[in-house]
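Visitor: Mind having a look at this structure? Questions to follow.
The values are calculated or read from the model by the stated rules, or taken from the named source; none is laboratory data. Since we're looking at a predicted model, the values are computed, not measured. Cβ placement follows ideal geometry from the backbone for every residue including glycine, while neighbour counts extend to all protein chains displayed.
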Amino acid sequence: MAIQGIGKVRAHQTQNEGLVFEKSSPGKRGYKLPPLDVPSVDASALLGEAHRENPALLPELSEIEIIRHFTRLSTWNYAIDLGMYPLGSCTMKYNPRVNEFVARIDGLADAHPYRPEELAQGILEVVDLLQRCLIEITGMDAITLQPAAGAHGEFTGILLVRAWHESRGNARKKILIPDSAHGTNPATAAICGYAVENLKSNADGGIDLEALERQVDEETAALMLTNPSTIGVFESQIHRIADILHAKGALLYMDGANMNALVGKARPGDFGVDVMHLNLHKTFSTPHGGGGPGSGPVACKAFLEPFLPTPVLVRRGSNASQASGELHWEYNRPQSVGRVRGFYGNVGMFIRALAYILANGPDGLRQTTEDAVLNANYIRKKLEDVFDLPYKTASMHEVVFSDKRQAALGVKTGDIAKRLIDYGFHPYTVSFPMIVHGAMMIEPTESESLEELDLFVEAMRSIAREVEETPEVVKSAPHSTRVSRLDEVAAARKPILRWKG
Amino acid sequence: MRYLPKSPAEREQMLAEIGAASIDDLFEVIPAEYRFSRDLDVPRQQAESEIINYFRAAGAKNATDYASFLGAGAYRHYRPVIIDSLVQRGEFLTSYTPYQAEITQGTLQAIFEFQTMIAELTGMDVANASMYDGSTGAAEAVLMAMRVTGRHKAVVASSVHPEYREVLHTYLQHREMATALIGYDAKTGRVDLAALDAAVTDETAAVLVQSPNFFGVIEDIPAIAEIAHKKGALLIVSIAEAVSLGAVRAPVEADIVSMEAQSFGVALSYGGPFCGVIAAKEQYLRQMPGRLVGQTVDKDGNRGFVLTLSTREQHIRREKATSNICTNQALVALMATIFLTVYGKEGIRELAEHNLAKADYAAKALSAQPGAKLLFSGAPKFHEFVLQTEEAPATWSKRLLDEKIVGGIELSRWYPELGNATLWCATEVVTREQIDAAAKVLAAVPVGA
C-alpha cells in the first residue's frame, strides 16, 4: 500500500541472497596463507585419535562473493544510520565513527590481556580515565568495568548487595522489584538466590511509598529501581524511597538503563542510590551491533567497594591521587564477590565510551541530555491529541502512549509498530512496560533533528488516520518489506535452528 | 556539539511548541536539591583529531613492536581485512537486537549462519546466537546441565582455564551447587580419569572439562564422556581455542559445548569483547540460555528468520528464565561468521595445521635449551605447551623483554605445584625467526648464574 504525501521513503530494490552455504562450491577460496617457515607436520600422526577426520562443512567462497553476501544481508537491516530508531529503553543514539577508529588503533586493539603490566600502561590509563569519568558522572565512589552487558551488571550489583548483607551476618531473602521493571531485574534477583517480590506502581506509574513502607522489612536485601522509570518519569520521591530502604537496612539498586536522561543534570550518587549499573551501549554511544557487544559497568558507594569483582585497577605509589604512579591489577581482595567474567571486561567498548565522553566534554554531555529530553517532550506534545497518554506525569527522555484509542477500532500497538516500518521508521518498543496495556514506548534520543522528528510525528498521525479510515492496511502491515509477518508460532513449534543442506 | 543535529533557533522553537519557557522547565521534576548545577569534572570537549591523538599516544605507550608467545585463553590470529570492512557497515553496526524481523533479516540470517557453522564445528545439533565470553558461557552451561538433570553437583577439571573456574564459582555460589575439582595426570596433563571416575556420582549434574585444556593438551573426550554418562551426568566441553577444531576432532560425545570464538577473527583488545557460544544436543534445547534464531516463512511463503523459543528468556519468563542474559555479542559473532566464511572448509584445516607446525617447532626449539624441558609430552597438543626451566621465569623473561619478546606466561600463580613452569603459545602469526630468537635468549644463562 503506497503512502501518499509522506516525505521519508520511496521503494527501491533489494538483492536476493541465499544462505552462505547455498553459494558454496568445492575448490573456491577466500584466503591464502603465507608459506610455512617451519617444517610442516603430519596432523594425523601428531594428534592420533584426537585428529579430526571429517572436516566441518563450512562454505567455500571467493572474496568478492563474501563481500557481496554480507553486504546484501546488511541492506535488509534498518539501522540508526538510516533514520530514527525510537526503541524506548534502548537509547538508539548515534554511534560516532571516531569511536570505531580509535578502538582499532595499534597497541590497543592488539593488546593481549596477559601482557606484562609495564607494557600495558597505555590501555590501563584509558581504563582508569573512563572509570574516573563514570564515577564523576554517577556521583558514586567506586566502579568495576568487568560486566559484559546490562544484565551482567545487574548480576554483579546484586552480588555486591548480597556480599555486604552477608558481611553483616544475614544475606536476607528478597528483592523488591516494581511491576514496571525490565525482565532482566527479576531474572537477576533469582540467579543471585533471592526471592522476587513485586511492587505495584502508583497512579503516576512511580513507586507507591505506602506500599514500599509496608513491604520493606528486615529480610529485604534491596529495591531494584529504574530511574527515570520505564515510563520515562523521574521518581521525584527518590530520596524518601532511599530513606525507607535504608531505615530497614535495605539497599537501593538503580538500573541505569535510562541514564541518558540524567547525565550532567542529576547524579544517582547524590539522590541516595547505593549501587547501579550503566549501559555503555546505551548512554555512552557504543554500537548495539545487532544485539551486542555491550558493557555494563557497576558503580557503588564506598562501603560496597571491598566487594567489587577481582581484579581492581589501582595506582602504585604512596600518593595514589597523583596521576604518576604505575597502574596495576589488584587481585588480593579477600571480600570480593569474585570474578564475573574472564580478563577485565569488554575493553573495546571502554575505548569507544571514553572517546564519546571526550568528544562531548561537560558541556556536550549536558546538552546531550537536554536535547534527549527536549525531543521526547516534543513528540509527546505533537502526538498526545491522537494517542492515549496513560500517565500525565512529566516525561524525561521517553514517552509512553497506549493504543487504547486505536485498540477500540481493532488496531493494536503491534500493528501500528509494523505500519511504522512502511513509513521508513523502526518501530517503538511494543507492549512494554507491562503496567501500560498496549504500550507504545518512544525514545527518540538526542540524535534526531527537528526534520526527522517532524517526519516521525507526521507518520504517527497518518497511521492514526489510517486506523480510522483503512484499518486493514495497518493490521496487515508492513507492505514494503522483503518479508512480512513471519510465522513465529511455526518457528517455535518445530525449530529449525541450522542449515542442513 | 558536533553530534547534536539542532540549531539554537530550533531548540527555542521546540521549547515554544512544548510550552516551556526554558529547558530547565523540563527538568523541574527532579527535586531542586538533586539537580546538578556545576560542570562535570571530565576532560573538556575535544576535536576529533585530539581524540585520535590521545588514543594513539595510549597505544604507543603500550609498546606495539614486541613478539608475543602469550595465549592462555586469548589468541593472536591473523584477521582478514574484510571482517572490519563488513562489520563496520552501519546496517550491521548500528542496528538493534532483531526483534522486528521484517527489517532485521540481515542480522537474523547472519546469526542463523553462525549457529550452523558452530554446530558443524563442534559436532553438536544446535548452537545459540552467542554468550558474553567463554568464561560466562561455561558457567551458564553448568547451570543448564543443572536444569536438565535436576541435580546439584558439578565435577570440574583443574585444567579448565583458572579464570573460567573463578567465574563458575561466582555464578554457583548462591545456588547451593557443590563443585569437586579433579586434578590432572602429571605425565600427560590430561584429566586424571581414575579421580574423575571416583568423583562422579548419581548426584552429578555435569562434568566440565576444557579441550585443548589450559596446558594446551587435548583431552580424551570419549573416555571422559563414558565416565560422565554411566552415572547420568552431562559432559560439558569448554573450548577456549576455537581454531583447534580445524584439526582436532569435534567433541561429539559431549552433551553441551561452551566455546570462546575469539580466535575466529576477533581482536585481542586487552581481553574483550570476545564471543562465547553454547552448543548442545537437540534434546536440551529448551534449557539453553541466550537468543536463538530459527527459520520460518512469512505470510507469502518466503523463507525468513526470527528470534525464537523466547519463552526461555527473561523478557517473557522474568524470574523463571533460563538466564538473565539479554544483550549478547552479536557483532562479534558476525566477525566470527565472516572469518569462517573466508577460511571455509579447507582453510580452517590448513590454518589449524599451520598452528600445529609452529607450536611443534617452538616446543622443540625451546625445550632443547639447557635447563629447559617440555611438560606433559605424553599427550597430543594443539598450539600451546608447558615449558619447565631450571632458571626462574622472572629472570629469563626479563632478558626476553630486553629483546622485545614476551615469553610464556608463568603458571605458578594458578598451579604452584608446577614450579618454574610457563605456558607458551605459537599461532600462525609467530615467525620462525621469533622462535629462534626466544630460544637463543633462553639458552644464554647470564654471567654469574
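Visitor: If you go through the range B:69-80 one residue at a time, do you hit one that is more than 27 Å from residue A:128 (Cα to Cα) and either of a type in the set (D, E, K, R) or in contact with a Pro (Cβ under 6 Å, 6 or more places away or on another chain) (or both)?
Guide: Checked the range B:69-80: at least one residue is more than 27 Å from residue A:128 (Cα to Cα) and either of a type in the set (D, E, K, R) or in contact with a Pro (Cβ under 6 Å, 6 or more places away or on another chain) (or both).
Visitor: Which one of the conditions (1) buried (at least 19 other Cβ atoms within 10 Å of the Cβ); (2) within 26 Å of residue A:89 (Cβ to Cβ) does residue A:386 fail to meet, given that it meets all the rest?
Guide: Looking at each condition in turn, residue A:386 falls short on (1).
Visitor: If you check residue A:12 against the conditions, is it crowded, with 21+ Cβ neighbours inside 10 Å and more than 7 Å from every other protein chain (Cβ to nearest Cβ)?
Guide: Working: crowded, with 21+ Cβ neighbours inside 10 Å: no; more than 7 Å from every other protein chain (Cβ to nearest Cβ): yes.
No: the conditions fail for residue A:12.
Visitor: crowded, with 18+ Cβ neighbours inside 10 Å, under 26 Å from the mean Cα position of the chain (by Cα) and more than 10 Å from chain B (Cβ to nearest Cβ): is that true of residue A:207 in this structure? Quick ask: steps written out before the conclusion?
Guide: Numbers: crowded, with 18+ Cβ neighbours inside 10 Å: yes; under 26 Å from the mean Cα position of the chain (by Cα): yes; more than 10 Å from chain B (Cβ to nearest Cβ): yes.
When the stated conditions are applied, residue A:207 passes them.
Visitor: If you take the residues in the range B:346-376 that are charged (D, E, K, R) and assigned to a helix (DSSP H, G or I), which one is farthest from the other protein chains (Cβ to nearest Cβ)?
Guide: Residues of the range B:346-376 that are charged (D, E, K, R), as a first pass: B:346, B:349-350, B:353, B:358, B:360, B:364, B:373.
Subsequent filtering for residues that are assigned to a helix (DSSP H, G or I) retains B:346, B:349-350, B:353, B:358, B:360, B:364.
Numbers: B:346: 7, B:349: 6, B:350: 6, B:353: 5, B:358: 6, B:360: 5, B:364: 10 Å.
Among those that are charged (D, E, K, R) and assigned to a helix (DSSP H, G or I), it is B:364.
Visitor: If residue A:467 passes every condition in (1) touching a residue at least 60 places away in the same chain (Cβ under 8 Å); (2) within 12 Å of another protein chain (Cβ to nearest Cβ) but one, which one does it miss?
Guide: In the conditions (1) touching a residue at least 60 places away in the same chain (Cβ under 8 Å); (2) within 12 Å of another protein chain (Cβ to nearest Cβ), residue A:467 misses (2) alone.
Visitor: Please list, ordered by residue number, the helices (runs of 4 or more DSSP H) wholly in the range B:1-97 having 1 or more residues that are in contact (Cβ under 8 Å) with a residue 12 or more places away in the chain, more than 7 Å from chain A (Cβ to nearest Cβ) and under 30 Å from residue A:293 (Cα atoms). Step through it out loud before you land on a result.
Guide: On the way: elements: B:8-18, B:48-61, B:81-87, B:90-93.
Filter on the range B:1-97 gives B:81-87.
Visitor: Another question, then. Considering only the range B:199-225, state which residues are surrounded by fewer than 24 Cβ atoms within 10 Å (Cβ to Cβ), assigned to a helix (DSSP H, G or I) and either touching a strand residue (DSSP E or B) at 6+ places or on another chain (Cβ under 9 Å) or at pLDDT below 95 (or both).
Guide: Matches in the range B:199-225: B:199, B:221, B:223, B:225.
Visitor: Give the residue that is surrounded by the most Cβ atoms within 10 Å (Cβ to Cβ), with candidates limited to residues of the range B:78-113 that are within 15 Å of residue A:496 (Cβ to Cβ) and in contact with a strand residue (DSSP E or B) (Cβ under 9 Å, 6 or more places away or on another chain).
Guide: B:111
Visitor: Where residues in the range B:328-345 are under 15 Å from residue B:278 (Cα atoms) and facing another protein chain (nearest Cβ under 7 Å), which of them is modelled with the lowest pLDDT?
Guide: B:328
Visitor: Please enumerate the residues belonging to the range A:286-321 that are touching a residue at least 60 places away in the same chain (Cβ under 8 Å), farther than 20 Å from residue A:128 by Cβ and within 13 Å of another protein chain (Cβ to nearest Cβ).
Guide: A:287, A:288, A:290, A:292, A:293, A:294, A:307
Visitor: Among the numbered criteria (1) more than 13 Å from every other protein chain (Cβ to nearest Cβ); (2) more than 30 Å from residue A:162 (Cβ to Cβ); (3) modelled with pLDDT of 95 or more; (4) surrounded by fewer than 24 Cβ atoms within 10 Å (Cβ to Cβ), which single criterion is violated by residue A:325?
Guide: (3)
Visitor: Can you pull out every residue in the range A:242-270 that is within 12 Å of chain B (Cβ to nearest Cβ) and within 22 Å of residue A:179 (Cβ to Cβ)?
Guide: A:242, A:255, A:257, A:261, A:268
Visitor: With respect to residue A:394, determine if the residue is under 16 Å from residue A:92 (Cα atoms) and either surrounded by fewer than 24 Cβ atoms within 10 Å (Cβ to Cβ) or more than 8 Å from chain B (Cβ to nearest Cβ) (or both).
Guide: Details: under 16 Å from residue A:92 (Cα atoms): no; either surrounded by fewer than 24 Cβ atoms within 10 Å (Cβ to Cβ) or more than 8 Å from chain B (Cβ to nearest Cβ) (or both): yes.
When the stated conditions are applied, residue A:394 does not pass them.
Visitor: Right, next: What is the residue count in the range A:87-100 for residues that are touching a helix residue (DSSP H, G or I) at 6+ places or on another chain (Cβ under 7 Å), at pLDDT 95 or above and either within 7 Å of chain B (Cβ to nearest Cβ) or under 17 Å from residue A:417 (Cβ atoms) (or both)?
Guide: Within the range A:87-100, residues that are touching a helix residue (DSSP H, G or I) at 6+ places or on another chain (Cβ under 7 Å), at pLDDT 95 or above and either within 7 Å of chain B (Cβ to nearest Cβ) or under 17 Å from residue A:417 (Cβ atoms) (or both) number 5.
Visitor: Something else: With (1) within 20 Å of residue A:40 (Cβ to Cβ); (2) surrounded by 20 or more Cβ atoms within 10 Å (Cβ to Cβ); (3) of a type outside the set (Ser, Thr, Tyr) as the list, and residue B:409 as the residue in question, which single condition is left unmet?
Guide: The number of the failed condition is (1).
Visitor: Does the range A:154-170 contain at least one residue that is modelled with pLDDT under 95, more than 7 Å from chain B (Cβ to nearest Cβ) and surrounded by fewer than 24 Cβ atoms within 10 Å (Cβ to Cβ)? Walk me through it before giving the result.
Guide: The initial filter retains those residues of the range A:154-170 that are modelled with pLDDT under 95, namely none.
No: the range A:154-170 contains no residue that is modelled with pLDDT under 95, more than 7 Å from chain B (Cβ to nearest Cβ) and surrounded by fewer than 24 Cβ atoms within 10 Å (Cβ to Cβ).
Visitor: Determine if the range A:66-80 includes at least one residue that is free of Cβ contacts under 8 Å to residues at least 40 places away in the same chain, in contact with an Asp or Glu (Cβ under 6 Å, 6 or more places away or on another chain) and within 30 Å of residue A:150 (Cβ to Cβ).
Guide: yes
Visitor: Report yes if residue B:129 is assigned to a helix (DSSP H, G or I), under 22 Å from residue B:343 (Cα atoms) and facing chain A (nearest Cβ under 8 Å), otherwise no. Don't jump to the end; show me each part of the working.
Guide: Details: assigned to a helix (DSSP H, G or I): no; under 22 Å from residue B:343 (Cα atoms): yes; facing chain A (nearest Cβ under 8 Å): yes.
When the stated conditions are applied, residue B:129 does not pass them.
Visitor: Next question, about the same structure. Go through the range B:403-420 and count every residue that is among the aliphatic types (A, V, I, L, M), touching a Cys at 6+ places or on another chain (Cβ under 9 Å) and part of a loop (DSSP other than H, G, I, E, B).
Guide: Taking the range B:403-420 and keeping what is among the aliphatic types (A, V, I, L, M), we get B:405-406, B:409, B:411, B:418.
Going one step further and asking which of them are touching a Cys at 6+ places or on another chain (Cβ under 9 Å), we end up with B:409.
This time we only want the ones that are part of a loop (DSSP other than H, G, I, E, B), so: none.
Total meeting the criteria: 0.
Visitor: For residue A:289, state whether it is at positive phi, of a type outside the set (S, T, N, Q) and out of contact with any helix residue (DSSP H, G or I) (no Cβ under 6 Å at 6 or more places or on another chain). If you could, list the steps in order and put the result at the bottom.
Guide: Details: at positive phi: yes; of a type outside the set (S, T, N, Q): yes; out of contact with any helix residue (DSSP H, G or I) (no Cβ under 6 Å at 6 or more places or on another chain): no.
So residue A:289 fails the test.
Visitor: Within the range A:174-204, take every residue that is within 7 Å of another protein chain (Cβ to nearest Cβ) and not in a loop (DSSP other than H, G, I, E, B) and give me the one that is surrounded by the most Cβ atoms within 10 Å (Cβ to Cβ).
Guide: The first filter runs over the range A:174-204 and keeps only residues within 7 Å of another protein chain (Cβ to nearest Cβ), leaving A:183-184, A:186-193, A:196.
Retained after the next criterion (residues that are not in a loop (DSSP other than H, G, I, E, B)): A:184, A:186-191, A:196.
Values: A:184: 28, A:186: 24, A:187: 27, A:188: 33, A:189: 29, A:190: 21, A:191: 23, A:196: 20.
Residue satisfying both the conditions and the ranking: A:188.
Visitor: Looking only at the range A:28-44, how many residues end up being small (Gly, Ala, Ser) and more than 13 Å from residue B:354 (Cα to Cα)?
Guide: Taking the range A:28-44 and keeping what is small (Gly, Ala, Ser), we get A:30, A:40, A:43-44.
Checking the rest, the ones that are also more than 13 Å from residue B:354 (Cα to Cα) come to A:30, A:44.
Looking only at that region, the number is 2.
Visitor: Also, quick follow-up: How about the range B:280-297: which of its residues are crowded, with 19+ Cβ neighbours inside 10 Å and either within 23 Å of the chain's Cα centre (by Cα) or modelled with pLDDT under 95 (or both)?
Guide: Residues of the range B:280-297 crowded, with 19+ Cβ neighbours inside 10 Å: B:280, B:284, B:288-296.
B:280, B:284, B:288, B:289, B:290, B:291, B:292, B:293, listed by residue number.
Visitor: So is residue A:281 crowded, with 23+ Cβ neighbours inside 10 Å, facing chain B (nearest Cβ under 8 Å) and not small (Gly, Ala, Ser) or not?
Guide: Numbers: crowded, with 23+ Cβ neighbours inside 10 Å: yes; facing chain B (nearest Cβ under 8 Å): yes; not small (Gly, Ala, Ser): yes.
It is true that residue A:281 is crowded, with 23+ Cβ neighbours inside 10 Å, facing chain B (nearest Cβ under 8 Å) and not small (Gly, Ala, Ser).
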